[in-house]
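Laboratory data are not the source of any read-out in this text; all were calculated from the coordinates shown. Every value quoted in this text rests on a predicted model; they were computed, and no experiment measured them. Note that we place each Cβ from the backbone using ideal geometry, even for glycine, and neighbour counts take in every protein chain shown.
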Amino acid sequence: MPVSSCGLRRLELSVAEPELSVDFFAGVLGWTVIAEPGGSFSGWVGDRLAAQVVAGERGWHLFFGGDEPRGLTDDSSVDAGRVLHGPWAPPPRNGEPCWVEYLTSTPEESDGYWKRELGWETAAGDRGLGLYTSSRHGDPRPVAGSMSSSFAGFAGWSVYFAVDDVEAACARVSELGGEVSVGPSRLQIGVIASIEGPHGGSCGLLEKPAGWGGAWSG
């Protein structure tokens, strides 16, 4: 079994117009944007990388921390190096990733895959939500969520970003041409909303999470 992954190494958003997309998310999440070689961009919160935005069409790609770089299923990979976002990382600040969830129509099969590939375990959540936990640094802590989909054959990851005020962030989404598709609403994890950028990149917003996973952090 691989050593249990304890969170995200990095996030990458692949869209047709990376400059326009990174400007949108910077406006909503308060990123400091740096232009990178090859027409890509990175969004920073202080000294921590929040996400990279590159040219392409695949949307979000998650890179989990691990000991050996390799590809995984459903737009995810393992990348070696220090984990920047997870249950043992510093608490998420406004604009930083703060949680990820896996939605699938085959939860039992998926659970086996992530246990095998990332060394995770499973725990029961609330209202149909399951939790993946990591024990890499001792006591098991929630590292990702798991939800069942009613659409046959569907599987994929979603990512949440921390914001200080969900309603204010949603107002900025609308002002910048994006769409608020869900919320704001209060769930077990905290106050959330789901948004879609005008140039791609749907994600969730979570208000003032005390740690990775909001209320799931304990």
- Sum -39500 (n - 2.57) across every DSSP H segment of at least 4 residues in the chain, then divide by the residue count to get the 222 nm mean residue ellipticity, nearest 500. -5000 deg cm²/dmol
- Query: Taking the Cα centre of the range 36-75 as origin and charging only Cβ (+1 Lys, Arg; -1 Asp, Glu), how large is the dipole, in debye to the nearest 20?
  - Reply: 100
- Would you mind checking which residues have amide H under 5 Å from VAL83's amide H? H placed 1.01 Å from N; only 5 or more apart, or other chain. none
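For the residues THR133, THR73, what sequence is obtained by ranking on other C-beta atoms within 10 Å, fewest first? Kindly include the intermediate steps, with their values, before the conclusion.
Numbers: THR133 17, THR73 13.
With the fewest neighbours first, THR133, THR73 line up as THR73, THR133.
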- Item | the range 8-217: antiparallel DSSP beta bridges as a percent of all, rounded to 5 | 75
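Listing HIS85, HIS137, HIS199 from the residue with the fewest other Cβ atoms within 10 Å to the one with the most, what is the order? Don't skip to the end; give the middle numbers.
Numbers: HIS85 24, HIS137 13, HIS199 20.
Fewest-to-most Cβ neighbours within 10 Å comes out as HIS137, HIS199, HIS85.
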- Query: Taking a spot 7 Å from the Cα of LEU176 along the direction of its beta carbon, which residues of the range 64-95 have an amide N less than 15 Å from it?
  - Reply: 94-95
- Task: Output the relative contact order of the range 132-192, whole-number percent, from Cα pairs under 8 angstrom with separation of 6+ residues.
- Result: 17
- Relative contact order for the range 61-113 using alpha-carbon pairs under 8 Å, separation at least 6, rounded to a whole percent? 23
- Item | Dipole magnitude of the range 8-217 about its Cα centre (Cβ charges: Lys, Arg +1; Asp, Glu -1), debye to nearest 20 | 500
- Given backbone amide H placed at 1.01 Å from N, residues whose amide H is under 5 Å from that of SER14, ignoring those fewer than 5 places away on the same chain, are VAL54, ARG58, GLY59, TRP60, HIS61
- Cut-off under 5 Å, modelled amide H: who pairs with ALA162 long-range: GLY95, GLU96, CYS98, LEU206
- Work through the residues other than SER194 whose Cβ is under 12 Å from its Cβ and net out their charges, Lys, Arg +1 and Asp, Glu -1. -3
- Would you please classify the overall shape of the range 88-218 from the alpha carbon gyration tensor, given that a ≥ b ≥ c denote the square roots of the eigenvalues, rounded means a/c under 1.5, and beyond that prolate means a/b larger than b/c while oblate covers the rest? oblate
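Tell me the relative contact order for the range 79-218 as a rounded percent, counting alpha carbon contacts under 8 Å between residues six or more apart. Let's see the in-between values first.
Details: 287 pairs, mean separation 38.8, N = 140.
Computed over the range 79-218, the figure is 28 percent.
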